[in-house]
Amino acid sequence: MQENAPGGAAEIVHPSAPATEPFVAATVHLAAETVPHAGTDPHLEPTDFDTMRVGYGLHERLAAAHLSGGWLPLFTAWLDEAGRRGVREPNAMVLGTATPDGRPSTRTVLCKGADERGLQFFTTTTSRKGAQLAASEFASVTFPWLVVERQVHMEGPCHPLSREDSLAYWRTRPRGSQVAAWASEQSRPVDSVSALEAQYADAERRFAGVDEIPMPDRWGGFRLSPERVEFWQGGRDRFHDRVECRLDAGNWVVSRLQP
Ligand SMILES: Cc1cc2nc3c(=O)[nH]c(=O)nc-3n(C[C@H](O)[C@H](O)[C@H](O)COP(=O)(O)O)c2cc1C
């Protein structure tokens, strides 16, 4: 069921949501423009996979020569262009981690720094991803810039930042996000929304008179140091561009891959 809510947002109400905590559990607010087919085509159901087909071909062929300066200049150029062309949160990346016995899992995190050493992100180190990174150092990330028909993948070891580096970023976080980091044991179950909100209120009270909220021990940054970076660009007839940079005995080797 879908209706327009005040302020141009579409409100999707799931009739099957549980009766307890009805407002929070049953209602999702989405900006109208994030529901492209809403109300425009009565025949296009969200599950109409056969009709979900878009063509690619926005860009000229990606030349291996674009990687002659290494992966970082092209990555930052694509990131900037994605932002300019309307990708919301172009620094959002899908982080893949795995258990030591090879069971993978993914989630989105925000890239908060990129340089020759790799990509930084911040999280709760005791979360599910944190536990997997502690047990198995390798990770992958994907930037899915679908609107601009591009994606970048990176793979490599992923290690914690120093406490000093984590602290430098922690201090830039808005106060509310700092309180939330104290209030949430990320990835652990919680009995109810009210219990979760009580945890936030407790943390707010605890730091009420404190100017600079300290960084929790269980929070910090990681750096993924890529050993493989792949640039992908959509091409006509699904004949896409893929160019890979791979670290081989200390040197970056650039190869074109078949689509
Ligand atoms: C756009 C977006 C950005 C996010 N950024 C972060 C982030 O920077 N750090 C983080 O810990 N979780 C972030 N999350 C939440 C994660 O996707 C995930 O729910 C959380 O980290 C718990 O994952 P885990 O249980 O696999 O450890 C973000 C989610 C979205 C959708």
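Every read-out reported here was derived from the displayed coordinates using simple, explicitly stated rules and does not represent laboratory data. This one's a predicted model, so the numbers in the text were calculated from it and none came from an experiment. Positions of Cβ are backbone-derived with ideal geometry, glycine not excepted, and every protein chain shown enters the neighbour counts.
Structure summary
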| quantity | calculated |
| --- | --- |
| Ranked by how many other beta carbons lie within 10 Å on average, peptides 105-115, 189-199 from highest | 105-115, 189-199 |
| FRET efficiency for F49 and A77, using Cβ-Cβ distance with R0 set to 30 Å, rounded to 0.05 | 0.35 |
| Estimated FRET transfer efficiency when R0 is 51 angstrom, pair F239-A168 (beta carbons, to 0.05) | 0.70 |
| Cβ-Cβ FRET estimate between Y56 and S225, R0 fixed at 30 Å, reported to 0.05 | 0.45 |
| R84-D101 pseudo-label distance in nm [points 7 Å out on the Cα-to-Cβ vector] | 5.0 nm |
| Distance between the stretch 191-259 and the stretch 155-189 - C-alpha centres, whole angstrom | 12 Å |
| For the stretch 151-233, with +1 on Lys and Arg beta carbons and -1 on Asp and Glu, the positive-most of L161, L224, T172 along the dipole | T172 |
